[in-house]
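Taking it in order: structure first as structure tokens, then the write-up.
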Amino acid sequence: EVQLVESGGGLVQPGGSLRLSCAGSGFTFSIYWMHWVRQAPGKGLVWVSLIHPDGSGTDYADSVKGRFTMSRDNAKNTLYLQMNSLRAEDTAVYYCARGLRGTSGFGDYWGQGTLVSVSS
Amino acid sequence: QSALTQPPSASGSPGQSVTISCTGASSDIGRYNYVSWYQQHPGKAPKLIIYDATKRPSGVPDRFSGSKSGNTASLTVSGLQAEDEADYYCSAFGGGNNWLFGGGTKLTVL
């Protein structure tokens, strides 16, 4: 059974840092593009970032570029999102999502989400 | 402001059909067939119901169908059922490894 399990969310002050993790199981993690998507409370989905299967390439939404860094450890089947210089507007549930095979797109599997709250 | 435009709400009675639109631009929906639709129930993670504009993942009922014309993609839910009441989001490739979402449409089954 394919599973994605996020962890690492919590309450952090503005300007602080947090690292999210997403552990994958039940599939060959190393051959899939992976994405992060976030959802502010009561709001819609927003794409955050993606990473190449071997970790050689990443891309980010303009709103997080220069502050967030996505990485992966294929030996541990784990995805990461390092979030620095956090702002109140980064408050959201963060989901990791698997990329689709054979085409672009993502989201055939999602994690349960982890809540990040940025507040003083 | 979302890059893709969806109506905030839609509704229909059980058994009826409802169509939700998703309007983008010639640089995203108009250029690529990489349009997806997701269903999200309250407090749950999104679920992929359409990808590549018209394809259904395994296990998604054929009551859900997708189409695309020009800069607009559409999701049609036929034979509405109570469990279809949810939020629906479109997503599209925006070029340059960027992905866009619509603002979401709340579907109410009357």
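Throughout, read-outs are computed from the coordinates displayed, never taken from laboratory work. This one's a predicted model, so the numbers in the text were calculated from it and none came from an experiment. Cβ atoms come from the backbone with ideal geometry, glycine included; neighbour counts cover every protein chain shown.
Need one number for the stretch A:1-69: average projected area of the convex hull over its C-alpha atoms, nm².
Quarter of the Cα hull surface area: 5.7 nm².
How much length is gained on full extension from A:SER85 to A:ARG19, taking 0.36 nm per residue of separation minus their Cα-Cα distance?
22.6 nm
If R0 is 25 Å, what FRET efficiency do you get for B:SER9 and B:SER58 from their C-beta distance, rounded to 0.05?
That pair, B:SER9 with B:SER58, gives E of 0.25.
At 0.36 nm per residue, and after removing the present C-alpha to C-alpha distance, how many nm does the segment from A:GLU1 to A:THR103 gain when stretched out fully?
34.6 nm
Which of the three applies to chain B, rounded, prolate or oblate, going by the alpha-carbon gyration tensor with a ≥ b ≥ c and a/c under 1.5 meaning rounded?
Prolate.
Using a 10 Å cut-off around each Cβ of peptide B:51-57, what is the average number of partner chain Cβ atoms that fall inside?
Average per residue, whole number: 3.
Could you give the spread of the C-alpha atoms of the protein assembly as shown along their three principal axes, from largest to smallest, in whole angstroms?
48, 39, 36
Step by step: find N for the stretch B:58-104, compute 2.2 N^0.38 Å, then divide the Cα radius of gyration by it. What's the final number? If you can, show how the numbers build up before the last one.
On the way: Rg = 12.8 Å, N = 47, 2.2 N^0.38 = 9.5 Å.
In units of the globular-protein estimate, the stretch B:58-104 measures up at 1.35.
How large is the Kirkwood hydrodynamic radius of chain A, in angstrom, based on all distinct alpha carbon pairs?
Roughly 14.2 Å, rounded to one decimal.
Can you give the FRET efficiency for A:LYS43 and B:SER27, using 1/(1 + (r/R0)^6), R0 = 41 Å, r = Cβ-Cβ distance, to the nearest 0.05?
That pair, A:LYS43 with B:SER27, gives E of 0.95.
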